[in-house]
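Following: one structure in C-alpha cells, then a few remarks.
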Amino acid sequence: MTKYIVRRLLQMIPVIIGSTFLIFAMVFALPGNPLAGKCGERPCPPAFVEKFRADHNLDDPLPIRYVKYLGDLAHGNFGTTFQGLNVLDELQKRYLITVKLAVIALLFEAIIGVLAGVLAGIRKGKFIDNLVLVSTLVVISIPTFVIGSLAQTIFGVKLGWFPVTTPSKPGWYDLLLPGLVLGSLSLAYAARLTRTNLAENLRADYVRTAVAKGLSRPRVIGVHTLRNSLIPVVTFLGADFGGLLGGAIITERIFNIRGVGGYIFQSINSRDGTAVVGAVTMLVIVYLFMNLLVDILYGVLDPRISHD
Amino acid sequence: MTDQTGIIVAEGAVAQEADNVGQAQSLTQEAWRELRRNPLFIISLILIAIFLVMAVFPGLFTNTDPAKATLKLSATPPSADQWFGRDLQGYDVYARTIYGARASIVVGVMATLCTSLLGVIIGTLAAFYGGILDTLVMRLTDVFFAIPFLLGGILFMSTFPNTVNSGYWSVVSKVVLALSILGWPSIARLMRGAVLQVKPNDYVQAARALGASPWRIVRSHILPNAMAPVMVVSMINLGAFIAAEASLSFLGIGLVSPAISWGVAISDSLSLIRTAPWILIFPSIFLSLAVLAFIMLGDAVRDAFDPKGR
C-alpha cells in the first residue's frame with residue numbers, strides 16, 4: 001500500500017508539469033500587452049519597460065519562461081502579479097473562502113444525493129423514484145446561474161432567510177446558500193448515478209445469495225449492495241471536488257464572493273499570467289490528491305480491485 | 001475443462017438453431033420494440049424533433065424579425081400581440097427565443113458527439129490493453145481533467161478571443177472545440193472504469209478462451225455491457241454542454257449580442273429578474289426543455305439497451 005501511494009505521488013509530478021505547462025502556454029498566448037495603460041495617459045518610459053519586462057521574464061521564449069517559473073515554484077515562490085502583489089498571499093485568502101464553499105456543496109451532494117439515489121433505487125418505478133427522477137431532472141435542466149439568481153431573489157431578497165451578498169470574510173452561514181446552489185447540479189448527478197448502480201446491482205447474484213442467506217433487507221442493501229454501487233459515485237464525488245473549486249466562479253459572481261474563480265477570471269482579463277498559473281496549479285494539486293484518495297477508497301469498497 | 005467448453009459450444013449451436021426457427025430478434029430489435037412503447041421516449045423524441053426543426057428553419061415558427069427592435073415597446077409584458085412580451089431593447093422575445101435554438105442545439109450535439117467518440121475509444125483501449133498504454137492515457141486524462149472545466153473554457157475562449165467581426169459559426173465552433181477538448185477525459189475515465197468492471201467477468205473470459213479476436217471481445221461482449229454509464233452521462237452531458245454554452249455567454253465570452261441565443265438572452269435578462277421576469281423566463285424554459293428532452297432520451301435508451309433491465 002505504501003509503495004502504491006509513493007508510486008502515485010511520483011506519478012503526480014508529470015501531471016502537474018503537464019497541466020501547468022498547458023495553462024502556462026495558453027496564458028502566454030493570451031493576446032494583449034500587460035504594459036498598456038500602466039503609466040496613465042503616456043507611454044511608459046523605456047527604462048521602466050525594460051525593467052518590467054526583465055522582472056517578469058517577458059522577453060524569454062516560452063520554454064525558458066516556464067522553467068524559470070517552475071524553479072521559483074519549487075522554492076514555494078508563486079511570484080508577483082503585474083501590479084507587484086504577492087500571488088501566494090492573495091491565493092491563501094481566496095482559497096480559504098472557496099474551499100469552505102466547496103465543502104458545503106460536497107457535503108450537501110454526498111449526503112442528500114446518495115440518500116435520494118438509494119431511496120429511488122430500492123423503490124424503482126414507485127412514487128419516490130419518480131419524484132427523485134423528476135426533481136433531479138428539473139435541477140439539471142436549469143442552468144446554475146438561473147438557479148443561483150432565482151435562489152438569491154427568493155431566499156435572499158424576498159424571504160430574507162439568507163444574506164443576499166457576501167462579506168469579504170464570510171462565515172459558514174454566509175456561504176450556505178451559495179454552497180447549496182453550487183452543489184445542486186452535482187447532487188442531481190450523484191443521485192442518478194447512485195440510483196442507476198444500485199438498481200442494477202440489486203439484481204446481481206451476490207445480492208440474491210445474501211437474501212437467500214436470510215440477511216435483513218437493510219443489511220443486504222446497506223452493506224452488500226451499496227458498497228459495490230458506491231464505486232462510481234465515489235469516483236464522481238472525488239473528481240467533483242476540484243470541479244467545484246473551479247466551477248464556483250459562477251456562484252461566486254452571483255453572490256459576490258471573493259473566491260478563487262473570480263480571481264482567476266479577473267486575472268485572465270487583466271492578462272496577469274502569474275496569478276492565473278499559480279491559482280490553477282493549486283487547483284490541480286487539490287484535484288490530484290482527491291483522485292489519489294478516491295483510488296485508495298476503491299480498494300476499500302471493492303476488494304477485487306487491489307493495489308498490490 | 002474441455003468437456004465444459006464442449007457443452008458451451010453445443011448449447012450455443014442449439015441456441016442458434018432455436019433462433020433460426022423462432023422469430024430471430026437481435027438486442028437492437030428488442031430494444032427498439034421496447035422504446036416505441038415508452039411514452040417518455042416518444043415525448044423526448046417529439047421535443048427534440050421540434051427543437052431540431054426550430055434550429056434549422058426558425059422561419060416556420062414565427063414571421064417576426066428577431067432583429068427588429070421597437071424601443072417604444074421596451075419591456076412590454078406578454079400580450080396577445082407579443083406572446084412572450086418584449087425585452088429591454090424592444091425585441092420580440094418569442095422570435096428571439098425561436099431563433100435562439102440554433103446555437104444551443106448545434107453546440108450541444110456537436111460537443112457530445114466529439115467527446116463521446118473520443119472518450120469511448122480512448123477509455124476502452126486503455127482498460128482493455130492495460131499496461132503502459134493505460135498509464136499513458138490515464139496521465140494524459142489527468143492533465144486535461146485536472147484543469148477545471150469552466151476555467152479551461154474561459155482560458156481557451158480568451159486565448160482565441162472573438163472580435164466584433166467574428167462570424168457566428170467561428171464562435172460556435174470555438175465553443176464546441178473548447179467543450180470537446182475539456183470534456184473527453186471524463187467520458188474516457190468512466191468508460192475505463194466500466195470496462196475494468198466488465199473485463200474479469202466469465203463471459204469475457206469464455207469468449208477469450210474460445211479464441212475470439214480482441215475486436216470481437218470488445219465489440220460483442222465488453223461494449224454492450226459497459227456502455228450504460230457512458231450513454232447516460234453523454235446524454236446528460238448534452239444538456240450540460242447546452243448549459244455550459246449559456247454559462248460562457250453569462251461570463252461574456254461565449255456568444256454575445258448581436259448573436260441570438262438562449263444563453264445570451266438569459267444572461268442579458270438576469271438583472272431584470274424582479275422587474276421584467278418574462279424576458280428571463282421564456283428563454284430559460286426553452287433551454288431547460290431542450291436539456292430535459294435529451295436527458296429523458298438518454299434514460300429511455302439506456303433502459304432499453306440494458307439486457308439486465310428486462
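Quick note: the coordinates plus some simple rules give every number you see, no bench work behind them. Just so it is clear, the structure is predicted and the values come from calculations on it, not from any experiment. For neighbour counting, all protein chains shown are included, and Cβ atoms are generated from backbone atoms with ideal geometry for every residue, glycine included.
Each Cα pair under 8 Å and six or more residues apart adds its separation to the average, and for chain B the resulting relative contact order is 24 percent.
Counting neighbouring Cβ atoms within 10 Å and putting the fewest first, the residues A:PHE82, A:PHE289, A:PHE48 line up as A:PHE48, A:PHE289, A:PHE82.
In chain B, the longest principal axis of the Cα atoms and the axis of helix B:131-145 are about 10 degrees apart. Taking the Cβ-Cβ separation of B:ASP81 and B:LEU45 as r and a Förster radius of 41 Å, what is the calculated FRET efficiency to the nearest 0.05? The calculated FRET efficiency here is 0.80. FRET efficiency for the pair A:CYS39 and B:LEU71, taken as 1/(1 + (r/R0)^6) with r the Cβ-Cβ distance and R0 = 41 Å, rounds to 0.50. The long axis of helix B:27-36 is offset from the longest Cα principal axis of chain B by roughly 40 degrees.
Loop-located trypsin sites (Lys or Arg not before Pro) across segment B:198-286 with a Cβ neighbour count of 13 or fewer within 10 Å are B:ARG274, with loop assigned by DSSP. Pick out the long, greasy-scoring helices in chain A: whole DSSP H runs spanning 20 Å or more along their own axis by Cα, mean Kyte-Doolittle at least -0.5. Those that pass (Cα extent of 20 Å or more, hydropathy at least -0.5) are A:2-28, A:87-108, A:127-141, A:176-201, A:226-255, A:273-301.
Give the separation of the Cα centroids, segment A:261-304 to segment B:51-119, in Å. Cα centres, segment A:261-304 to segment B:51-119: 37 Å. Taking 20 Å as the straight-line reach from the Cα of A:LYS124, the lysines in range (excluding those fewer than 8 positions away in the same chain) are B:LYS308. A P(r) calculated from all alpha carbon pairs of segment A:183-308, with 10 Å bins opening at zero, reads 12, 30, 27, 17, 10, 4, 1 percent. Projecting label points 7 angstrom from Cα along Cα→Cβ for A:ARG123 and A:LEU85 puts them 5.1 nm apart. For segment A:181-303, the relative contact order comes to 28 percent (Cα pairs under 8 Å, sequence separation of at least 6).
Fewest neighbouring Cβ atoms within 10 Å first, the residues B:PHE160, A:PHE145, B:PHE41 line up as B:PHE160, B:PHE41, A:PHE145. Along its three principal directions, the equivalent ellipsoid of segment A:2-74 from the Cα gyration tensor extends over semi-axes of 36, 12, 9 Å, largest first. The simple Förster model, with R0 at 35 Å and r as the Cβ-Cβ distance, assigns B:THR64 and B:PHE160 a FRET efficiency of 0.55.
Relative to the longest principal Cα axis of chain B, at what angle does helix B:168-198 sit, 0 to 90 degrees, rounded to 10? The angle comes out at about 30 degrees.
The trypsin sites (Lys or Arg not before Pro) of segment A:1-107 include none that meets both conditions, a loop assignment by DSSP and at most 11 other Cβ atoms within 10 Å of the site Cβ. In percent, rounded to a whole number, the relative contact order of chain A is 26, using alpha-carbon pairs under 8 Å and six or more apart.
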